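To start, the structure under review is shown below, and the notes come after it.
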Amino acid sequence: MTRITAWRRHPLARYAVLILALALVGTVYATFVQVSRPADAALAAGKVDDVAEGKSLFEAHCSSCHGLNAQGTATGPTLIGVGAAAVDFQMSTGRMPASDPGAQVPRKPLPDWVKKNPDAIRQISAYVQSLGGGPQVPGKEQVDPKLGDAAKGGELFRANCIQCHNWAGAGGALTRGKYAPNLNEATPEQIYEAMVTGPQAMPVFNDSTITPEEKRNMIAYITQVREQKDPGGFGLGRIGPVTEGLVVWIVGILALVLASIWITAKKRQKS
Amino acid sequence: MSDDLNKVPKAIAGTSSVLDERLGGANFLKRNMRKIFPDHWSFLLGEIALYAFIILLLTGTFLTFWFQPGMGHVIYEGSYAPLKGVMMSEAYASALNISFDVRGGLLMRQMHHWAALLFVAGMMVHMLRVFFTGAYRKPREINWIIGILLLTLALAEGLTGYSLPDDLLSGAGLRITQGVAISLPLVGTYISFFLFGGEYPGEDVIARFYSLHILLIPGILLALVTAHMVLMWVQKHTQMPGKGRTNKNVVGAPFYPAFMAKAGAYFLFTLAVVAGLGTFAQINPIWIFGPYTPADISAGSQPDWYMGFLEGSLRLMPAWEINLFGTAQAGTLPLSVIIPALVPLGLVMTGLALYPFLERWITGDHREHHVADRPRNNPHRTSIGMSAIVFYGVLWLLGANDELSAFFHINLNMTTYVGRALIFVGPALAYIITYRICLGLQRSDAAVISHGVESGVIKRLPHGEFIEVHTPPAEDIAAHMRGKEAVPMLPVDEDTSGIPPKGMRGPLGKLRGRMSKAYGGEKIPLDEGHEHGHEDEHAAVGPGEDKSLTH
């Protein structure tokens, strides 16, 4: 008891109590506000409108780089005219919002606020689309690999994509820290959107260069090849001679050196 | 009864007499079956290449049954769905056919390719062993040159084989080959048109490479391999220094039965490694690469590993070119292709071929050598070898700089800049470091010889000090170390009137003398280990103590 009394009389005790009280009030307030805000917004708008909702999300999460009216700033380009497809690609791959400005923005897990709100990407897309048009998010049928011709798509893929993305879509290096990402994680929608919007270092393959049907063929090839079981055993990353060379030295030569040591270690027993 | 068992059955005795009376093989066999082979693990490394070559011949023969070396266009109708209906060359279609529709075809293709990679790798580790132990010295210089020829031919054999399936990757390799050919001044265009039968890629090159790959080059390889083996047999194998081993004898196991069993087992090991890799690790998946068209190129295009150093030198080279008389009309000298294609290959191959002769010129050593050097005992040779390895290694590593950049997220340009510095700094550092390590190892040998090895027995001296008692090294270890021989040196010292000896007087002679002095001579004498750093221990024992224990 005396110890508690001593604590209460401690010169710093009053500050500690003050900080605790402030923290308690802050936490309760923040919880209350978070719970009430969507309801407030819905009430204020009368109905949940994608564009309006998208605009508020945009202002909260995107405007610091792209500007309050998506007009662009020194740190981010204008989004007027990029279309819903660009927003959907950038946000669904986790590239936007970007964490730090490097040579290239990497694919990453979605931020919590996007995960919690499944409509967020659609709403921001709708808002950006309303600003100046641009490529739309493709429909389900437009990117369905089952409807495409993989062999025809393969020819287009080899002619247009593999110089950066590699024959197996394993990706590759570009100049000065930029790179072409691997295509294994990309959904059919994302592949389509990347072609029509040309994100980051990628050129645009618009519908007059490669028709939507050809795009679907390419998606069919990409998904078919990446899902294929390697017929020759372990695929070694499918990047060809570099890993093969590593394996022949590390597995082949090492095993045979060990074998030669073992063989010559056996000496005839003197009887 | 035991007499019956010991008697050779008539069927065997009769047949062998008939053969012997006509061929006279008994004497030859009697003499050669007892041939002695010295035992050291590193002496088996060359056999990796030999056995890989045998596997290559067998699997390669299998592949020729189905492969069609044609560049005529066909529409693929085989069982690999993502390529169905695609136009491709007959060569590529038949390689796909082997992979998917011939029973065991994919396994054979993969074993052939893995064996090819192992073939060159085996040659290279064998060559390094021969180099670092000085086993190329007289009388084995000719065999060394044959080995260099084998290595060069193996690269050509690999290059032609890599091009045959006519997939996208092999086409990229072919394109670089053509680029190098056409970059040669004056003759480049002629060579390129001659090789491809017209404009690149034409319709001839696959059939031509096929003839080279399955007929000419393997024929020469087989002849040279035979010569290599016969010479080794006749000259006998070198042996590591050791107890009772001299330049006049060979200590080891007889060919029959001991060495034959070991060699046979080693063949089976090699076959197991190749078959295992062929079964479990996919190599050269040509169906993913797709058919070759000159318009397509892929990220991550790489040659097989043994061509990687050439790829790397091409990637490191700054884009230098000279337009003659200031205009491209008068001709262009593309230094950015000629230098990386020819200089590193020339440096490595010529350097290797000339090394035995350069060393003899510098050391003036004309004696025969049958006892191998331990690498530490010729520190300059070992250092030169290590810097060559680093030179090769940097080029090799940088050949994969795009994969390094993509995999480890390094700036691609940075890999090139670092590589450009490393290609000069790396070998120099390797030289210095290796040299110091060699001398350090020699010192440790000297310490063991003159001072003994730690016995684990701690002894307390009367005045309270503790010392560890050292015991003389085991007899075989001591003999191994005492096999050391000073690197020979020319008589370079000037006479009393300051005149250098004959042959060391011109600028070249002076250089030769200086190099001989640096290269040759005894750096760390074996019996002087004593003097360095052990005085305290000895002083503590004192002159009257029992020295046999502490030495």
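Summary table
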{"item": "Criterion: in a helix (DSSP H, G or I) and either loosely packed, with under 15 Cβ neighbours inside 10 Å or under 19 Å from the mean Cα position of the chain (by Cα) (or both) - qualifying residue of B:L174, B:L155, B:L186, B:L195", "result": "B:L155"}
{"item": "Filter result for the condition that a residue is β-branched (V, I, T), assigned by TED's automatic domain parsing to the domain that holds B:M123 and surrounded by 17 or more Cβ atoms within 10 Å (Cβ to Cβ), over B:T238, B:T246, B:T279", "result": "B:T238"}
{"item": "Test: B:I148 is in contact with a Lys or Arg (Cβ under 7 Å, 6 or more places away or on another chain), assigned by TED's automatic domain parsing to the domain that holds B:M229 and over 23 Å from A:I162 (Cβ atoms)", "result": "no"}
{"item": "Residues located in the range B:151-208, provided they are under 24 Å from B:S94 (Cα atoms) and touching a Leu at 6+ places or on another chain (Cβ under 6 Å)", "result": "B:T160, B:S163"}
{"item": "Extreme residue, nearest to B:F37 (Cα to Cα), among residues of the range B:264-294 that are more than 9 Å from every other protein chain (Cβ to nearest Cβ), in contact (Cβ under 8 Å) with a residue 24 or more places away in the chain and assigned to a helix (DSSP H, G or I)", "result": "B:F267"}
{"item": "Pairs with Cβ under 6 Å, 6+ apart, first in the range B:314-329 and free of Cβ contacts under 8 Å to residues at least 24 places away in the same chain and on the phi < 0 side of the Ramachandran plot, second hydrophobic (A, V, I, L, M, F, W, C) and loosely packed, with under 13 Cβ neighbours inside 10 Å", "result": "B:L324/B:A330"}
{"item": "Considering residues of the range B:253-263 that are within 10 Å of chain A (Cβ to nearest Cβ) and crowded, with 16+ Cβ neighbours inside 10 Å only, the residue nearest to the chain's Cα centre (by Cα)", "result": "B:A263"}
{"item": "Any hit, the range B:295-308, residues being in contact with a Cys (Cβ under 9 Å, 6 or more places away or on another chain), of a type outside the set (S, T, Y) and either facing another protein chain (nearest Cβ under 8 Å) or assigned to a helix (DSSP H, G or I) (or both)", "result": "yes"}
{"item": "When residues of the range B:213-241 are limited to those that are outside any helix (DSSP H, G or I) and in contact with a Gly (Cβ under 9 Å, 6 or more places away or on another chain), the one nearest to B:P165 (Cα to Cα)", "result": "B:H237"}
{"item": "Inter-residue pairs, beta-carbon under 6 Å, first under 26 Å from B:M240 (Cα atoms) and in the range B:17-40, second surrounded by 12 or more Cβ atoms within 10 Å (Cβ to Cβ) and of a type in the set (S, T, Y), 6+ apart", "result": "B:M33/B:Y256; B:D39/A:T264"}
{"item": "The listed residue being of a type outside the set (A, V, I, L, M, F, W, C) and on the phi > 0 side of the Ramachandran plot, out of A:G154, A:G102, A:G133", "result": "A:G133"}
{"item": "Hey, B:A341 in contact (Cβ under 8 Å) with a residue 24 or more places away in the chain and assigned by TED's automatic domain parsing to the domain that holds B:N143 or not", "result": "yes"}
{"item": "Lone unmet requirement of (1) more than 8 Å from chain A (Cβ to nearest Cβ); (2) buried (at least 20 other Cβ atoms within 10 Å of the Cβ) for B:L397", "result": "(2)"}
{"item": "Complete set of residues in the range B:38-94 that are away from chain A (no Cβ under 12 Å) and assigned to a loop (DSSP other than H, G, I, E, B)", "result": "B:F65, B:W66, B:F67, B:Q68, B:P69, B:G70, B:M71, B:G72"}
{"item": "Positions within the range B:314-345 being of a type in the set (F, W, Y) and not in a helix (DSSP H, G or I), in sequence order", "result": "B:W320"}
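Each row is one residue, and each column tells you yes or no for (1) within 24 Å of B:M108 (Cα to Cα); (2) of a type in the set (G, A, S); (3) surrounded by fewer than 23 Cβ atoms within 10 Å (Cβ to Cβ).
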| site | (1), (2), (3) |
| --- | --- |
| A:L174 | no, no, yes |
| A:A180 | no, yes, no |
| A:E193 | no, no, no |
| A:V248 | yes, no, no |
| A:L258 | no, no, yes |
| A:I263 | no, no, yes |
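Here is a yes/no grid of residues against (1) at the interface with chain B (Cβ under 7 Å from one of its Cβ atoms); (2) part of a helix (DSSP H, G or I); (3) modelled with pLDDT of 90 or more:
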residue: A:A159; (1), (2), (3): yes, yes, yes
residue: A:L183; (1), (2), (3): no, no, yes
residue: A:A194; (1), (2), (3): no, yes, yes
residue: A:S208; (1), (2), (3): no, no, yes
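One line per residue, one yes/no per condition, for (1) in contact with a Lys or Arg (Cβ under 9 Å, 6 or more places away or on another chain); (2) of a type outside the set (A, V, I, L, M):
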site: A:A120; (1), (2): no, no
site: A:I124; (1), (2): yes, no
site: A:S130; (1), (2): yes, yes
site: A:P135; (1), (2): no, yes
site: A:Q142; (1), (2): yes, yes
site: A:P145; (1), (2): yes, yes
site: A:A150; (1), (2): yes, no
site: A:L156; (1), (2): yes, no
site: A:H165; (1), (2): no, yes
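The values are calculated or read from the model by the stated rules, or taken from the named source; none is laboratory data. Predicted model, so just to flag it, every value in this text is computed and none were measured. Cβ coordinates were reconstructed from backbone atoms using ideal geometry, including for glycine residues, and neighbour counts include every protein chain displayed.
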